[in-house]
1. Taking K and R as +1 and D and E as -1, what net charge do the other residues with C-beta under 15 Å from the C-beta of Cys73 add up to?
2. In deg cm²/dmol, rounded to 500, what helix-only [θ] at 222 nm does the chain give when every DSSP H run of at least 4 residues adds -39500 (n - 2.57) and the total is split over its residues?
3. At a threshold of 8 angstrom on Cα-Cα distance, excluding pairs fewer than six apart, so keeping six or more, what relative contact order does segment 1-78 reach in percent?
4. Once segment 19-58 is represented by equal point scatterers at the alpha-carbon sites, with solvent omitted, what log10 I(q)/I(0) does the Debye formula produce at q = 0.15 Å⁻¹?
5. Explain nothing, just compute: Karplus ³J(HN,Hα) = 6.51 cos²θ - 1.76 cosθ + 1.60, θ = phi - 60°, for every residue of segment 51-64 in order, whole Hz, x for Gly and Pro.
6. Please list log₁₀ I(q)/I(0) at q = 0.12, 0.14, 0.23 Å⁻¹ for the chain, using the Debye equation with identical point scatterers on the alpha-carbon positions.
7. Scan segment 1-81 for trypsin sites (Lys or Arg not before Pro) in coil per DSSP, keeping those whose Cβ has at most 14 other Cβ atoms within 10 Å, and list them by number.
8. If you place +1 on the Cβ of every Lys and Arg, -1 on the Cβ of every Asp and Glu, and leave all else neutral, what size is the dipole of segment 2-85 about its Cα centre, to the nearest 20 Debye?
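Each reported figure results from applying straightforward, stated rules to the coordinates on display, with no laboratory input. Nothing here was measured: the structure is a model prediction, and the numbers come from that model. Ideal geometry is used to build each Cβ from the backbone, glycine not excepted, and the neighbour counts take in all protein chains shown.
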Amino acid sequence: MLEWKVLGITMIFPTILVAIFITWKTRLEEEFLINLAISFWISGNAYWMCCEFFKHVELKDYAGYPFLAGMLCVATFYGKRLMVRK
């Protein structure tokens with residue numbers, strides 16, 4: 001699948017821009033943290049994909065940080081919901 005590098009990299013920019021746009025539009029709503037997590041995960045996937053495409057396998061582990069940030073956003077979202085219900 002590495003022969004699709006140009007298309008794969010071209011798809012990164014609009015995808016990240018749309019994710020950031022949606023996150024920005026919901027910044028004052030309850031779902032903001034979920035959308036922020038999705039933005040982090042898309043960024044992590046894009047970074048991972050670029051590492052694969054350009055054969056920087058030693059740098060792939062850094063893609064875990066955006067995934068962790070996304071998980072923290074989701075945990076915060078559900079933690080807040082849990083506190084409100086009690």
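1. Here the charged neighbours net out to 0.
2. Numbers: 3 runs with 65 residues, N = 86.
That comes out to -26500 deg cm²/dmol.
3. Once divided by the residue count of segment 1-78, the mean separation gives 32 percent.
4. Relative scattering, expressed as log10 I(q)/I(0), comes to -0.43.
5. So the J values, rounded to whole Hz, are 4, 5, 4, 9, 6, 10, 4, 5, 9, 4, 4, 5, 5, x.
6. -0.43, -0.56, -1.06
7. When the trypsin sites (Lys or Arg not before Pro) of segment 1-81 are filtered for loop state and at most 14 Cβ neighbours within 10 Å, Arg27, Lys55 remain.
8. Around 240 debye, computed over segment 2-85.
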